[in-house]
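The structure appears right after this line, and notes come after that.
The values are calculated or read from the model by the stated rules, or taken from the named source; none is laboratory data. Computed from a predicted structure; not experimentally measured. Methodologically, a virtual Cβ is constructed for each residue, glycine included, from the backbone with ideal geometry; neighbour enumeration extends over all protein chains shown.
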């Protein structure tokens with residue numbers, strides 16, 4: 001009779017452990033999905049600011065049409081991107097296009113002094129900071145999730161239940177290079 005109780009206790013302990021691992025995986029998966037959603041919320045805010053920024057600059061820099069076309073195209077491509085690698089690549093292209101808008105603005109002192117432009121620039125900078133924070137938060141959650149599904153014996157359960165590793169948000173190759181600063185020019 002004691003052996004039956006011991007076996008029931010072991011089965012109960014294993015069952016409790018399986019439930020705990022499963023619930024932990026679900027919790028981390030949902031936190032990771034939430035973190036990805038946070039990136040989407042901030043990029044949506046950026047997408048909404050860009051047309052206003054472009055219109056502000058257009059009024060001063062009418063002959064810079066190629067810059068505006070590039071930003072608009074990059075914004076559209078970023079909005080359509082699906083999946084972390086594609087989204088990261090398109091978002092980085094949009095960031096580069098936005099840099100060209102600000103470079104154009106440098107040539108127009110009246111534009112740089114415009115209250116509307118300054119406010120949009122400040123909001124966009126704030127949004128970029130929030131996107132960066134959301135990406136770091138996402139990567140932290142992805143790290144925790146991936147660790148949880150890879151460690152033994154959790155990996156046995158995770159694999160059998162179809163949990164897959166998630167991809168980190170990573171900088172593109174060009175963004176990893178050091179910026180060259182030349183004060184002589």
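Counting just the residues of region 129-151 that are farther than 30 Å from residue 18 by Cβ and surrounded by 14 or more Cβ atoms within 10 Å (Cβ to Cβ), which one comes out nearest to the chain's Cα centre (by Cα)? Ranking the candidates gives 135 first.
In region 77-88, of all residues being modelled with pLDDT of 85 or more and part of a helix (DSSP H, G or I), the one that is surrounded by the fewest Cβ atoms within 10 Å (Cβ to Cβ) corresponds to 80. It is to be established whether one or more residues within region 101-120 are on the phi < 0 side of the Ramachandran plot, surrounded by 15 or more Cβ atoms within 10 Å (Cβ to Cβ) and within 16 Å of the chain's Cα centre (by Cα). No, region 101-120 contains no residue that is on the phi < 0 side of the Ramachandran plot, surrounded by 15 or more Cβ atoms within 10 Å (Cβ to Cβ) and within 16 Å of the chain's Cα centre (by Cα). Is it the case that region 39-49 has a residue that's modelled with pLDDT of 80 or more and over 30 Å from residue 144 (Cβ atoms)? The answer is yes; a qualifying residue exists.
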